[in-house]
Amino acid sequence: MKVIKKIDDLKIINENRPIALIPTMGNLHDGHISLVKQSKNLKLSSLVTIFINPLQFGPNEDFETYPKTISKDKENLVKENCDFLFLPEKKELLEGIKKLKAPLSNCLCGKNRPGHFDGVITIVNRFLELTKPEFCFFGQKDFQQQIIIKNHLKENNFSTKLIVGQTIRDKKGLALSSRNNYLSESEKNEASLIYKYLKEIAVQIKQIYSDNPYELSKKASIIRKEYKNKFEARGFKIDYLEIINAKNLKKIKNEETQFVIAVATHYKGVRLIDNLECDLSFS
């Protein structure tokens, strides 16, 4: 694996195209590694970036304490035959950078973390311009993020193709996240309720659609409130719990068939997000 720290040195990747860009903030877990594996299965040259992006953190968030495990990250990437690791220097990467406004960022995580996705898309755009990858890989867990990136690629005429990797979970169903390291094992077990409740909501929504699709919007709202109360009764502080259109992120309407159940919650002081995408057309 070639480690690259200077922007000028990125030219080496041109000898190894097509490139799969996999942006991360480090502290890699099996979710990140699954994207590397997916890129290798597609016979692509994997380019992982590790950069803890200050632009996507708001006041009182965990930028200063975000886990840094670079040595372990390098070992794990070598094991997976990753081709390139880009470790940009903050000053060089941000010098002269134009801050962008993210589309579809006024809801869900964007509503509760103002400016977060502006910071995300600003840095992702920088990586896209520097590396001009044929593909970029992001995880399904960050649902709003991958929808925003998909729109950014389209609106700015990038030829890069977005590939979304499935959410990787632990044995109990908790979606893997770098922030899970803040939780004890017993707390992780309790946090697995998130996925359990998402699946229960999906079953109920499918039943409503089967019985009467014209009741979908009204009853989805009732279910959302019911499960918000369930979460809070178990010690979760809900940022949002929404049942929304999977393409435009708006609240689901009657007779719509593609939706996502999205949740963001604080548990034991740790912010956790998850989602479950469903297609009622196959019900």
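Quick look at the values:
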| read-out | value |
| --- | --- |
| Hits in segment 123-139 - residues which are within 21 Å of residue 98 (Cα to Cα) and among the aromatic types (Phe, Trp, Tyr) | 127 |
| Residue among 268, 225 that alone is of a type outside the set (Val, Ile, Thr) and without any contact (Cβ under 8 Å) to a residue 40 or more places away in the chain | 225 |
| Count - residues of segment 12-25 that are under 21 Å from residue 126 (Cβ atoms) and surrounded by fewer than 20 Cβ atoms within 10 Å (Cβ to Cβ) | 6 |
| Options 68, 43, 37, 11: the member that is under 18 Å from the mean Cα position of the chain (by Cα) and among the basic types (Lys, Arg) | 37 |
| Selection status of residue 75, in the same structural domain as residue 154 (by TED's automatic domain parsing), without any contact (Cβ under 8 Å) to a residue 12 or more places away in the chain, in a helix (DSSP H, G or I) and of a type in the set (Asp, Glu) | yes |
| Subset of segment 233-255 (residues that are within 24 Å of the chain's Cα centre (by Cα) and among the acidic types (Asp, Glu)) | 239, 242 |
| From 137, 127, residue being modelled with pLDDT of 95 or more and under 27 Å from residue 242 (Cβ atoms) | 137 |
| Residue, farthest from residue 152 (Cα to Cα), within segment 101-133, restricted to residues that are in contact (Cβ under 8 Å) with a residue 40 or more places away in the chain and among the aliphatic types (A, V, I, L, M) | 108 |
| Selection status of residue 90, exposed (fewer than 13 other Cβ atoms within 10 Å of the Cβ), over 16 Å from the mean Cα position of the chain (by Cα) and touching a residue at least 24 places away in the same chain (Cβ under 8 Å) | yes |
| Residue check, residue 24 at pLDDT below 95 and either polar (S, T, N, Q) or more than 22 Å from residue 182 (Cα to Cα) (or both) | no |
| Which listed residue is among the hydrophobic types (A, V, I, L, M, F, W, C) and over 18 Å from the mean Cα position of the chain (by Cα), from 130, 104 | 130 |
| Within segment 142-196, tally of residues that are part of a helix (DSSP H, G or I), under 23 Å from residue 232 (Cα atoms) and hydroxyl-bearing (Ser, Thr, Tyr) | 3 |
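The values are calculated or read from the model by the stated rules, or taken from the named source; none is laboratory data. Computed from a predicted structure; not experimentally measured. FYI the Cβ positions are ideal-geometry reconstructions off the backbone, even for glycines, and counts take in every protein chain you see.
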